[in-house]
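Asker: Take this structure, written in structure tokens, and hold onto it; I'll ask about it next.
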Amino acid sequence: MEPLGGVEYPGGLRLSDTVQALSAALRPGEPVLPGLWFKESSSRNLRHRDFLAPKAALSALYRRGQIPEDLIQRISSIHAAGVPPIQSCELTDFGLAVRLERSLVFQQVLAHSPCYLKPSTSNSAIVKNVILNCVALHGCKSPDALKLSHLRAILVADHLAEILRAEGTSVHLVPGLREESFKHFLQELKVPWPSVVEDSSICSATLALKDTLQNSTCAEAFRAEISHLQEQDVQAKDVVCRVRLKGFLEQRCLEGYDPNLDLFTVLEENLQHLAEIQQAVRQCQVEDASSGCMVIHVVNCEEEFQQQKMDLLWQLLEPGEHSASQKHLVCGPVKVSSSPSSTTSAAHYFQLRRAQMRGASVMKYGDLVQGDSWDEIVDALTSAAIRFEMLATSHRSQVTLVLEDTSISTKGTKSGTFVMYNCARLATLFQSYHSGVHQGLYPKLPAPSELNCKTLREEGEWILLFNYILPFPDVLSEAAHLPVSAKGIRITANTEAVCKFLVNLSMDFSSYYNRVHILGEPLPHLYSQMFARLQLMKALQSVLHSALATLHIPPLSQL
């Protein structure tokens, strides 16, 4: 990679590295404290500065806020890997304000834009092997049996798997799919969930667990009236035994579990559930015996209690070499605004959204909406709409769906369809440019190193680079961060980060696109600025497509 300002940046510029270097400059030789510097993001503040150390933070570091005379010079002269060149540092009424050499930052980033499509801590994941156990998929016989809360858990697990893989984590998904109708439904949703490969080995493992459990001192013969079984829709032949978990819980002094856990009527399908997880753990140990393995149960809040029973049962059955640490990622409920107690199935919700997307497209484009290409567009819009509705909210919080047609629009700035609309606008922009090149109106886009980035003076241009292209590696790392050392059995993940990022990117891009004429007149004296803007849009498009890929949403080339 070419040097910038005398310093070589092999991994690209990193905002996280910049904040760390600025913090170290405030306290040389001392441990870096978080929260000393803030990256600005609002257009109002970015007119004046890019980073700020607030007065309150400075007052806490220096008596009476008296800044050392050499501090400003020390900050202005920072040269470190990953840190962009600094134009100025000055003391203002708000604190220490740092402004970057923006034209040089544009040049560096646009010349090496692929560096900004990977997580900032790639290949350094804390957990090397993760098994994502999507509880909703165990025992479901058809898409019609899937609730909306089940669908949310599936989409959370699917997205989390992608961002963890980008971080360098080896991810195994369980359970494998058996039912063809289920496979087809998830394919329609663009969820590439694996199928069962070695069903016989799972059967053998299930029988082994059954034998272990029945010979265990904690197992009790199951005696109950048939009427009680029928109320739970359970056949007597499916029951293996029952286990009292409370004593095991107290004996092990385990924390974080529901205090009401006790009697567990164990069914054959419960043991099959555990056998699939156990098989995945053993596969992880074969592939990488040196690294630990973590099982994350992705479960909706209604089934959390039952999954805690499964967790304890597995600990009881597998206390030895094949055990693995377990965490529970709990998804909040999904409600329908018109009917809080709605029993709308995931399949019905999908069909409804697809019909609405097709209807909205017909209303806008009329008879043009037909054929395979439009089917692909409608499918992509449906996938985007559903994913953003389910994932743009923190997985712990409730999601409330509005199912009426009025909630569907390409102009709603919080929606997946709005993101796809702007994705298509970018594609159309480049189609128009390439058409102009083919017609001889424009020359071909020069190499990024030949751009004159001093022409990028529009406020919106710096916002797009500084708020979206530069921070994208940190967004991916934030989304993949799992606080594995947190106490208790619950774990949280920032699965909403990518959706929120895409929504904000789309709003700022739309504002810029509506205000600025990117493709200028075919006049030589206008080419310099046009080429720089097109290269910026190309880098932004790469970020947009990479972010959509973590959601398994195909980008649109037209709309």
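Asker: Which entries of Lys118/Lys364; Lys39/Lys118; Lys55/Lys500; Lys39/Lys500 show an alpha-carbon separation above 27 angstrom in the structure shown?
Answerer: As for pairs spanning more than 27 Å Cα to Cα, those are Lys118/Lys364; Lys55/Lys500.
Asker: For every helix of n ≥ 4 consecutive DSSP H residues, a contribution of -39,500 (n - 2.57) applies; sum these over the chain, divide by its total residues, and give [θ] at 222 nm rounded to the nearest 500 deg cm²/dmol.
Answerer: Helix contribution divided over all residues of the chain: -14500 deg cm²/dmol.
Asker: For Leu267, what residues show an amide H to amide H distance below 5 Å, using hydrogens built from the backbone and excluding near sequence neighbours?
Answerer: Here Val240 satisfy the definition.
Asker: Just to confirm a number: summing +1 for Lys and Arg and -1 for Asp and Glu over residues other than Glu40 whose beta-carbon lies under 12 angstrom from that of Glu40, what do you get?
Answerer: +4
Asker: When you take every Cα atom in the stretch 240-284, what is the radius of gyration, and what is Dmax, the widest Cα pair distance, in Å?
Answerer: Values for the stretch 240-284 (Cα only, Rg and Dmax): 13.0, 34 Å.
Asker: Once amide H atoms are placed 1.01 Å from N in the peptide plane, what residues at a sequence separation of 5 or more from Leu329, or on another chain, have their amide H within under 5 Å of its amide H?
Answerer: So Leu329 has HN proximity to His297, Val298, Val299, Ile491.
Asker: Evaluate the distance, in nm, between pseudo-label points positioned 7 Å from the Cα of Ala60 and of Gln370 along their respective Cα→Cβ axes.
Answerer: Simple spin-label model gives 6.6 nm for this pair.
Asker: Could you give me the ³J(HN,Hα) list for the stretch 27-38, computed from phi with Karplus coefficients 6.51, -1.76, 1.60 and θ = phi - 60°, whole Hz, x at Gly and Pro?
Answerer: 10, x, x, 10, x, 6, 9, x, x, 6, 10, 10
Asker: While we're looking at this one, here's another question. Report the net charge of residues surrounding Ser142, where surrounding means a beta-carbon distance below 12 angstrom and charges are Lys +1, Arg +1, Asp -1, Glu -1.
Answerer: Overall, the nearby charge balance is 0.
Asker: Right, something else. Which order do Cys203, Cys499 fall in if you start with the one that has the fewest other Cβ atoms within 10 Å?
Answerer: So the residues, fewest neighbours to most, are Cys203, Cys499.
Asker: Please compute, for the alpha-carbon atoms of the stretch 3-100, the extent along each of the three principal axes and give them in descending order in Å.
Answerer: Projected onto the principal axes, the Cα atoms of the stretch 3-100 cover 40, 34, 22 Å.
Asker: May I pose another question? Output the relative contact order of the chain, whole-number percent, from Cα pairs under 8 angstrom with separation of 6+ residues.
Answerer: 17 percent
Asker: Report the per residue volume, in Å³, of the convex hull enclosing the C-alpha atoms of the chain.
Answerer: 199 Å³
Asker: Let me ask you something else. Quick one: which residues, 5 or more positions from Cys293 or on another chain, have an amide H under 5 Å from its amide H? H modelled 1.01 Å from N in the peptide plane, none for Pro or chain starts.
Answerer: Hits under the 5 Å cutoff: Ser325.
Asker: Continuing with the same structure: Give a residue-ordered list of calculated ³J(HN,Hα) values for the stretch 75-91 (Karplus: 6.51 cos²θ - 1.76 cosθ + 1.60, θ = phi - 60°; whole Hz; x for Gly, Pro).
Answerer: 6, 4, 9, 5, 9, 8, 4, x, 9, x, x, 9, 7, 7, 9, 9, 8
Asker: So, one more: Where the Cα atoms of the stretch 48-93 are projected onto their three principal axes, how long is each span, largest first, in whole Å?
Answerer: The Cα atoms of the stretch 48-93 stretch 32, 22, 15 Å along the principal axes, largest first.
Asker: A further question on this structure: Given a cut-off of 13 Å, what percent of all Cα-Cα pairs of the stretch 420-483 lie beyond it?
Answerer: Value for the stretch 420-483: 78 percent of Cα pairs lie more than 13 Å apart.
Asker: I'd like the projected area of the stretch 129-332, averaged over all directions, using the convex hull of its alpha carbons. Report it in nm² with one decimal.
Answerer: The orientation-averaged projected area of the Cα hull of the stretch 129-332 comes to 12.2 nm².
Asker: Follow-up question, since we're still on this one. In the P(r) worked out for the stretch 375-477, what percent of Cα pairs fall beyond 22 Å?
Answerer: Summing the P(r) of the stretch 375-477 above 22 Å gives 54 percent of all pairs.
Asker: Note the angle between two axes, namely the Cα long axis of helix 416-438 and the longest principal axis of the Cα atoms of the chain, as a number of degrees from 0 to 90, rounded to the nearest 10.
Answerer: Helix 416-438 and the main axis of the chain meet at about 50 degrees.
Asker: How big is the charge dipole of the stretch 129-332 about its Cα centre, in debye rounded to the nearest 20, if each Lys and Arg gets +1 on its Cβ and each Asp and Glu gets -1 on its Cβ?
Answerer: With only Lys, Arg, Asp and Glu charged at Cβ, the dipole is about 100 debye.
Asker: Can you give the charge dipole size of the chain about its Cα centre, rounded to the nearest 20 debye, using +1 on the beta carbon of Lys and Arg and -1 on the beta carbon of Asp and Glu?
Answerer: Approximately 1540 debye in magnitude.
Asker: According to the Kirkwood expression over distinct Cα-Cα pairs, how big is the hydrodynamic radius of the stretch 465-558, in Å?
Answerer: Computed over Cα pairs of the stretch 465-558, the Kirkwood hydrodynamic radius comes out at 15.6 Å.
Asker: I've got another one for you. Toward the positive end of the charge dipole of the chain, about the Cα centre and with charges on Cβ (Lys, Arg +1; Asp, Glu -1), which of Thr217, Ser510, Ser181 goes farthest?
Answerer: After comparing all options, I get Ser510.
Since every read-out is calculated from the coordinates, none of them should be taken as a lab result. This is a predicted model, so every value here is computed, not measured. Positions of Cβ are generated from backbone atoms using ideal geometry, with glycine treated the same way; all protein chains shown enter the neighbour counts.
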